[in-house]
Amino acid sequence: MTSSWLLPALLVVPLLGALAMLLAGRGAERWATWFGVGVQSAGLLLTLLVMAQFSQTQSGSMQMVVEHSWIPELLVDFRIGVDGISLPLVVLTSLLGWCAAVYAVRRVAEPGRARAFVGLLLLLQVGMLGTFMALDLILFFLFFEVVLAPMWFLIAFWGSGERRRSANTFILYTVLGSVVMLLGFLVVIVETGSADMVALANGLGAQMSTSAQLTAALLILGGLAVKTPMWPLHTWLPDAHTAAPTVGSVLLAGVLLKMGTYGMVRIVVPTLPDAMVSIAPYLAAFAVIGILYGALASYGQDDLKRVIAFSSVGHMGFVLLGISTLSVVGINAALFGNIAHGLITGLLFFVVGGIKQRTGSTAFADLPRSLYASAPRLGFLLGFAAVASLGMPGLAGFWGEFLALVGAYHPLVPERLFYRVLLVLAAMGMVLAAAYFLKVLRRVGQGPAPETLLDDVATDEWLSWTPLVALIVILGVAPFLLLQVTEPAVRVVVESVAGALP
Amino acid sequence: MTIQSIDLLTLSPTLVVAVGALLALVAELVTGRGQVALGVGLTALVVATPLAVLASGEQTLCNGADAACAYVVSPLAVALQLIVLVSTAVVLLMASGDVSDGTIPGGEFVFLILCSASGAVLVPATTDLVTLIVALEVVSLPTFALVALRRGEPRAAEAALKAFIFSIVSVAVSLYGISLLYGTTGVVSFEQLAAAATLTDPTPLGTAGLVMVLAVIGFKIAAVPFHAWAPDTYQGATAPVAAYLSVVSKTAGFAALLLVTWTFAGWSEVWAPVVGVLAGLTMLIGNAVALKQRHAVRLLAWSSIAQAGYILVPLGAVTSSVVWGPEVTDAVIGYLVAYAAMNLGAFAVVSVVARRDGAESLADYRGLAWRSPWLAVSLAFFLASLAGLPPGLIGLLVKVRVLVVPVDAGLWWLAVVMAVATVIGLAYYLVWAALLFARSETADDEGLTHRLAVRSWTSTVAVAVCVALTVAFSLAPSLALGLVDRL
């Protein structure tokens with residue numbers, strides 16, 4: 001196919017950009033951030049080309065596949081491609097990467113060092129895009145690991161507060177998770193003799209014995225659950241978010257967390273269907289505990305970033321609930337929730353980063369109470385993102401959660417009654433989410449007349465944030481734009497599980 | 001008995017290195033310049049490397065009657081010899097700075113290193129237990145002198161003595177073990193022992209003998225609980241010598257372990273659990289103690305102990321379902337190749353920084369990225385490789401390759417221990433990497449004697465070679481993981 005260079009180029013462009021930043025001399029300090037914007041724009045352009053080439057009618061099958069034998073000793077091939085499940089995440093990654101680059105032009109976090117900052121962001125981009133495109137288990141694992149070092153550097157050197165400790169917690173937790181995941185992958189590879197994700201999903205994995213499937217599934221899910229993060233493995237997340245610089249938080253919440261849930265849909269569900277059917281109810285239970293816990297914990301926080309971090313635990317709970325239904329609606333909901341959460345939480349962290357830049361803190365105690373009056377546009381964006389996050393119909397956040405609940409009403413797994421109980425609890429979680437975001441808005445926005453005015457949203461901030469605002473509205477009004485891409489691919493996944501259902 | 005035929009070409013890698021040792025000594029005596037000795041030594045190694053590849057599959061020193069040969073070069077042996085030869089060459093490059101400023105005498109240094117290396121080249125080609133132990137001692141004896149060779153460092157003598165005593169004890173034990181094995185089977189050659197081991201079940205006496213032989217190997221590779229000499233010895237020696245001990249001497253030890261385990265493959269139920277437990281202890285204790293280290297070379301010493309634990313894992317996972325064979329040996333060789341490149345690289349940077357800045361403790365590395373960005377980036381890359389974190393891809397891939405074996409064997413405890421050990425290991429490599437890029441708080445700074453020593457570009461070449469190798473392995477991991485198949 002003529003377009004076969006597109007996906008490799010999507011990886012090579014940021015990689016070369018990162019290398020260029022490594023090799024560039026001190027003089028590059030001045031233009032490094034512009035260089036970042038250039039590279040990310042090129043990446044975004046390539047992504048648009050991928051979207052144009054992508055055949056929506058065949059989104060259930062892998063497209064633009066590039067294959068190259070790489071390490072025969074480990075059965076590893078360099079094999080990448082996109083389908084309806086991965087394409088939206090690739091687009092989200094490119095978009096958030098671009099927004100982050102634009103934001104960084106005038107706002108590299110303390111202590112500057114633009115070259116290293118941009119280089120790390122570009123390396124991060126390689127790992128994130130690669131994870132969503134990889135079609136080989138070990139390759140997936142490698143890309144999964146590529147993001148760790150850059151994110152650790154971003155938190156440890158450009159973060160604030162207890163940044164070094166938070167960065168170490170982040171990397172040690174997630175490495176432990178990914179090593180456990182690797183053990184699961186190795187079980188699959190040893191049992192089936194293949195690391196080809198497509199072949200494994202198309203029935204090769206299902207040939208494994210149920211006990212081997214169960215071992216592999218528990219290990220892989222355990223590893224992915226740390227990244228997602230699923231309650232009770234989420235404890236690294238709030239610290240990492242609080243300490244990370246703004247763009248670090250945006251990419252962490254917007255993209256990195258999705259790597260966990262993406263891995264479940266892409267690998268665990270179709271490859272290990274028998275195990276998935278038995279594990280699903282437990283996954284659902286953890287998901288709902290996460291929803292309630294996230295909501296209650298958010299309510300108790302005294303720091304804006306921590307509120308959003310815990311709200312992420314809740315939102316990812318809905319995504320997990322959707323996956324655990326193993327139904328077309330539920331998994332569609334999960335994929336939709338992934339994208340919606342990426343856009344909304346990305347915007348939230350941008351806005352909160354903006355507040356932090358203006359006031360020097362994100363702790364409620366230090367914040368002026370009158371954001372609506374002192375910086376009305378910033379206040380509006382915070383309100384908009386918060387309302388989107390709590391699942392207001394008409395905005396993107398609604399559909400992921402609503403469809404997850406619909407999925408839980410008609411789960412494909414036999415434990416229907418159990419799922420309906422969970423459904424009620426999860427719905428309560430939605431209500432609680434409203435409570436904590438309203439508390440935030442009241443606390444930060446609606447105080448008495450301002451003591452001092454804050455700088456309102458600047459042009460570069462508008463430029464960086466507008467795409468997110470627009471997409472939140474568009475996907476809220478027209479969810480089918482995304483669902484029609486994911487639907488055929490989800491059907492393929494669900495069909496592979498259907499055979500395992502009693 | 002007929003006269004043994006001697007094929008000099010097959011023996012040439014060992015011979016060239018040994019002759020190079022003598023020539024280096026003479027060269028320094030004649031010219032009075034240590035650098036000339038280094039040049040001679042490097043030449044010998046460079047010549048020996050292609051000869052080793054050519055000799056692949058050959059055998060010599062054969063006894064005509066039953067065609068039993070005393071020197072057999074299997075592809076596995078060539079792979080190990082290549083690691084030894086290239087690593088020794090890198091060590092020589094690394095040492096050029098110390099030689100040119102007189103910290104170590106050039107002629108003696110090259111002589112001793114090459115003597116030891118000739119033993120290390122010999123080890124994988126031996127075919128009986130006695131020659132094996134002799135070859136291992138050829139590796140070890142010069143290293144004690146090498147450790148003590150550091151001028152004006154009182155700790156060096158103590159360090160050498162410590163290694164010497166440990167070595168003597170372990171050799172004595174293993175000789176006793178060999179006598180027990182000989183007593184039970186009546187033979188010492190690997191092939192005959194292997195035949196005996198497949199025919200008979202392990203006897204208590206034979207078991208004791210085998211475990212004792214493992215002790216000397218445990219000492220060579222500094223596996224816990226035979227590791228106690230390593231940290232003090234590494235710290236007392238100069239960085240190049242420590243690098244040599246941690247890579248070449250260890251490779252010789254693993255070569256011996258591969259030979260012994262191949263020989264007694266029929267008794268794997270005896271040695272595999274022992275090696276497995278050694279692996280587990282070595283990984284956990286090596287990594288856990290490394291967490292507390294604040295001295296650069298000492299930290300690398302503990303890290304190299306831990307790394308040896310990873311390399312033991314495939315052999316420890318030999319069971320009824322996973323037999324001694326390419327699945328196991330390719331994992332061991334692949335890890336050894338990658339380990340040689342990344343560990344030598346870390347030592348090479350430490351050596352340059354120690355000479356230039358007088359840096360010893362980790363705190364001295366604070367802000368290295370501002371003083372010498374390339375050295376800092378290189379060191380961070382090697383540390384990432386050792387930790388198994390991208391961009392050090394090869395370090396990660398060989399860990400994956402090693403981990404395949406216990407998973408395949410269903411040996412879950414070993415796989416889990418390795419997983420946990422890797423995570424612990426990450427912590428201390430990160431601490432060091434973080435220091436490199438931290439802004440130095442004390443601006444240009446007490447304790448650091450800047451650029452006192454002569455700058456030596458050859459030491460920097462050593463770093464560059466290791467970077468090139470590690471990057472090449474990361475891009476084309478088959479070079480390391482499939483090395484044996486190519487020979």
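For A:Asp303, the residues whose amide H sits under 5 Å from its own are A:Phe364, ignoring neighbours fewer than 5 places away on the same chain, with H placed 1.01 Å from N. Under 20 Å from a label point set 7 Å out along the Cα-to-Cβ vector of A:Leu425, the amide N atoms of the stretch A:303-322 belong to A:310-322. Sites listed here are trypsin sites (Lys or Arg not before Pro) in the stretch B:99-179 whose DSSP assignment is loop and whose Cβ has at most 10 other Cβ atoms within 10 Å, and the list is empty. Its relative contact order, with pairs defined as Cα atoms under 8 Å and 6+ residues apart, puts chain A at 16 percent.
Projecting the Cα atoms of B:Ala317, B:Gly286, B:Leu45 onto the dipole axis of the stretch B:8-486, where Lys and Arg carry +1 and Asp and Glu carry -1 at the beta carbon, places B:Gly286 farthest toward the positive end. Distances between placed amide hydrogens fall under 5 Å for B:His295 paired with B:Leu362, all partners being 5 or more residues away or on another chain. The order of B:His295, A:His341, going from fewest to most other C-beta atoms within 10 Å of their C-beta, is B:His295, A:His341. Shown here are the Rg and Dmax of the Cα trace of chain A, at 21.4, 69 Å. The phi torsions of the stretch A:423-437, fed into the Karplus equation with coefficients 6.51, -1.76 and 1.60 and a -60° offset, translate into couplings of 4, 5, 4, 5, 4, 4, x, 4, 5, 4, 4, 4, 4, 6, 6 Hz, rounded to whole numbers, with Gly and Pro shown as x. Only one residue of A:Val485, A:Val277, A:Ala114 has its Cα farthest out toward the positive end of the dipole of the stretch A:2-498, where Lys and Arg carry +1 and Asp and Glu -1 on Cβ, and that residue is A:Ala114.
The trypsin sites (Lys or Arg not before Pro) of the stretch B:276-350 meeting both criteria, a DSSP state outside H, G, I, E and B (loop) and at most 14 other C-beta atoms within 10 angstrom of the site's C-beta, are B:Lys292, B:Arg294. Cα centroid separation, the stretch B:243-309 to the stretch A:399-454: 53 Å. Relative to the current alpha-carbon distance between A:Leu501 and A:Ala470, full extension at 0.36 nm per residue lengthens the span by 7.1 nm. Taking the Cα centre of the stretch B:316-431 as origin and assigning +1 to Lys and Arg Cβ atoms and -1 to Asp and Glu Cβ atoms, the resulting dipole is close to 320 debye. For the stretch B:383-391, putting each phi into the Karplus relation 6.51 cos²θ - 1.76 cosθ + 1.60 with θ = phi - 60° gives couplings of 5, 4, 5, 4, 6, x, 10, x, x Hz, in residue order, rounded to whole numbers and with x for Gly and Pro. The distance linking the stretch B:350-411 with the stretch A:248-324 is 33 Å (Cα centroid to Cα centroid, whole angstrom). Identify all aspartates and glutamates with a Cα-Cα distance to B:Lys220 below 13 Å; exclude those on the same chain that are fewer than 8 residues away in sequence. The reachable aspartates and glutamates, counting only those whose Cα sits under 13 Å from B:Lys220, are B:Glu137. How far, in degrees from 0 to 90, does helix B:250-263 lean away from the longest principal axis of the Cα atoms of chain B, to the nearest 10? On a 0 to 90 degree scale, this one is about 20. Relative to the globular-protein estimate of 2.2 N^0.38 Å, the Cα radius of gyration of the stretch B:158-274 stands at 1.15.
Each of A:Ile71, A:Ile323 was scored by other Cβ atoms within 10 Å of its Cβ. Listed from fewest to most, they are A:Ile71, A:Ile323. Taken about its Cα centre, the protein assembly as shown carries a charge dipole of roughly 2420 debye when the Cβ of each Lys and Arg holds +1 and the Cβ of each Asp and Glu holds -1.
Taking amide H as placed 1.01 Å from N in the peptide plane, the amide H of B:Tyr71 sits under 5 Å from that of B:Thr60, each at least 5 places away or on another chain. Contact order, relative form, for chain B: 15 percent (alpha carbon pairs under 8 Å, 6 or more residues apart, mean separation divided by residue count). The GluC sites (Glu not before Pro) of the stretch A:402-469 meeting both criteria, a DSSP state outside H, G, I, E and B (loop) and at most 11 other C-beta atoms within 10 angstrom of the site's C-beta, are A:Glu451. The mean number of Cβ atoms from other chains found within 10 Å of a Cβ in peptide A:173-180 is 5, as a whole number. Placing +1 on the Cβ of every Lys and Arg and -1 on the Cβ of every Asp and Glu, with nothing else charged, gives the stretch B:8-486 a dipole about its Cα centre of roughly 940 debye. Its Cα gyration tensor gives the protein assembly as shown an equivalent ellipsoid, and the semi-axes of that ellipsoid, as √(5λ) in whole Å with the largest first, are 54, 33, 23. Projecting the Cα positions of B:Thr103, B:Gly266, B:Val30 onto the charge dipole of chain B (unit charges on Cβ atoms of Lys, Arg, Asp and Glu, taken about the Cα centre) puts B:Thr103 furthest along the positive direction. Which log10 I(q)/I(0) values does the stretch B:8-486 give at q = 0.08, 0.11 Å⁻¹ under the Debye formula, counting every alpha carbon as one identical point scatterer? Debye intensities relative to I(0), on a log10 scale: -0.43, -0.83.
Overall form of the stretch A:92-168: oblate. Here a/c, set by the Cα gyration tensor axes a ≥ b ≥ c, is 1.5 or more, and a/b is not larger than b/c.
Bridging of A:Lys227 to aspartates and glutamates at a Cα separation below 16 Å is possible for A:Glu145, A:Asp239, once same-chain residues fewer than 8 apart are set aside. With runs of 4+ DSSP H residues as the only contributors, calculate the mean residue ellipticity of chain B at 222 nm using -39,500 (n - 2.57) per run, divided by the residue total and rounded to the nearest 500. Result for chain B: -25000 deg cm²/dmol, rounded to the nearest 500. Taking the fewest neighbouring Cβ atoms within 10 Å as the starting point, the ordered list for B:Ser268, B:Ser87, A:Ser194 is A:Ser194, B:Ser268, B:Ser87.
Cross-link reach is defined here as a Cα-Cα straight distance under 24 Å, omitting same-chain residues fewer than 8 places apart; for A:Lys356 the lysines meeting it are A:Lys305, A:Lys439.
Can you give the longest run of chain B that contains no GluC sites (Glu not before Pro) sitting in a DSSP loop with at most 13 other Cβ atoms inside 10 Å? Counting only loop sites that pass the neighbour cut-off, the longest clear stretch is B:1-440. Note on the stretch A:278-413: Rg/Rh from Cα positions, Kirkwood definition for Rh, rounded to two decimals, is 1.05.
The numbers here are math on the coordinates, done by the rules we state, and not lab data. A quick note: this is a predicted structure, and the numbers were derived from the prediction, not measured. Using ideal geometry, Cβ is built from the backbone for each residue, glycine included, and neighbour counts are taken over all protein chains shown.
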